[in-house]
Amino acid sequence: MPGYFFMPKEKECPKCGTKHTKRGAFCSQSCGNSRQFTEEDKKNRSKKLKAYHQTPEGLATQEKSRQQMVNFNKTGEMVADGVNVDDFAVDIPEFKDYGDYFDGWSKAEKW
């Protein structure tokens, strides 16, 4: 129904009891993050994660993470894929005197 605005219904947060009109059951992200998972939920998540780690993508992810931690332990810096960001740094020259470049151009009317 265009042209009409409906107020969302007021709900009560299951954690803190605050009344709100936001989307979802919880009033804020911090209340939503406090959800307690059952043992069945934890087992299902563990089972799916173990199955993922057996796939080629999961194995590659594990290896990449392992390499990053090895590099961090060696260098003390977080490095992406064994590449140090400082290796790609480029010196920027400084121009101290612009007079050499603009001789004779003191006003825009002379251009």
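Figures for the structure shown
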| quantity | calculated |
| --- | --- |
| Filter result for Q36 (modelled with pLDDT of 80 or more, of a type in the set (S, T, N, Q) and assigned to a loop (DSSP other than H, G, I, E, B)) | yes |
| Hey, E109 exposed (fewer than 10 other Cβ atoms within 10 Å of the Cβ) and either of a type outside the set (A, V, I, L, M) or modelled with pLDDT of 65 or more (or both) or not | yes |
| Sole exception among (1) modelled with pLDDT of 90 or more; (2) touching a Pro at 6+ places or on another chain (Cβ under 8 Å) for T18, by number | (2) |
| Complete set of residues in the stretch 35-65 that are of a type outside the set (D, E, K, R) and over 23 Å from the mean Cα position of the chain (by Cα) | Q36, F37, T38, N44, S46, A51, Q54, T55, P56 |
| Single condition C31 does not satisfy, out of (1) touching a Ser or Thr at 6+ places or on another chain (Cβ under 9 Å); (2) of a type outside the set (A, V, I, L, M); (3) part of a loop (DSSP other than H, G, I, E, B) | (3) |
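The values are calculated or read from the model by the stated rules, or taken from the named source; none is laboratory data. The model shown is predicted, which means the values in this text are computed figures rather than measured ones. Reconstructed Cβ throughout: ideal geometry from the backbone, glycine too, with neighbour counts over all protein chains shown.
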